[in-house]
Amino acid sequence: MGVLLSNGKNIEVDCLSCAVTSGLIEPEGGTVIETEYFHAHQDVAYPIKGLIILAAKRHIKCFDELTEEESIDYIRLLKRIRKAQRIALDIESVYYFYNEDTTHHFHTWMVPRYDWMYDFGRSVESVRPILLHARKQLSGEENVKEVLLAVAALTKELNENKG
């Protein structure tokens, strides 16, 4: 499967989530936080500050396939990452997406809402145009630098505040 990264490179992988969680692909800025069951990183396809992907390390497709331990870890991580987004990046609103008909395995998108995004609308329907705009218009050096600073800020917040 071909995947277009935010840096414009196209890569061939069987499963992007497996490639990232196993370390085959290093997301820009590195890992934000990692546990026994999950890996969180800046989205590799869309250069939006604080757009985090929380991916299961195990190749599963559905929420109901999580073990009890994975379920607990998942909720704890979502909560910790969201708190870090608020504290480190001043993100007030986030859209969460998880779908089971993806070509990748189980992962959740944590898509922050910034003021510029309201030009595309306010509902969930605005997210796809926002992502495409980000890929086309925000992949420049200055924005990428800001995205990497945001990754560093989130990583620092998550490592300093473990609760």
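Any read-out appearing in this document is the output of simple, stated calculations on the displayed coordinates, not a laboratory observation. Owing to the predicted nature of the structure, the values given are computational and were not obtained by experimental measurement. We place every Cβ from the backbone using ideal geometry, glycine too, and count neighbours over all the protein chains shown.
If each DSSP helix of 4+ residues adds -39,500 (n - 2.57) and the sum is divided by the residues in the chain, what number results at 222 nm, nearest 500 deg cm²/dmol?
Values: 4 runs with 59 residues, N = 163.
Using -39500 (n - 2.57) per qualifying helix, the result is -12000 deg cm²/dmol.
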> aspartates and glutamates within cross-link reach of residue 136: Cα-Cα under 20 Å, excluding same-chain residues under 8 positions apart?
Replying inline: 28, 43, 115, 119, 125, 146
> What order do you get for 60-72, 23-35 when each peptide is scored by the mean count of other beta carbon atoms within 10 Å, highest first?
Replying inline: 23-35, 60-72
> residue 24 versus residue 119, label points 7 Å from Cα toward the beta carbon: distance in nm?
Replying inline: 3.7 nm
>> As an exercise, use a Förster radius of 35 Å and the Cβ-Cβ distance of residue 156 and residue 93 to find the FRET efficiency, rounded to the nearest 0.05.
In response: 0.95
> Which entry in (1) -0.21, -1.35; (2) -0.20, -1.23; (3) -0.26, -1.17 matches log10 I(q)/I(0) by the Debye sum over Cα atoms at q = 0.08, 0.19 Å⁻¹ derived from the coordinates of this structure?
Replying inline: (1)
> Excluding same-chain residues fewer than 8 positions from residue 79, which lysines have a Cα within less than 28 Å of its Cα?
Replying inline: 49, 57, 61, 145, 156, 162
>> At a 10 angstrom cut-off on C-beta neighbours, averaged per residue, how do the peptides 42-50, 85-93 rank from highest to lowest?
In response: 42-50, 85-93
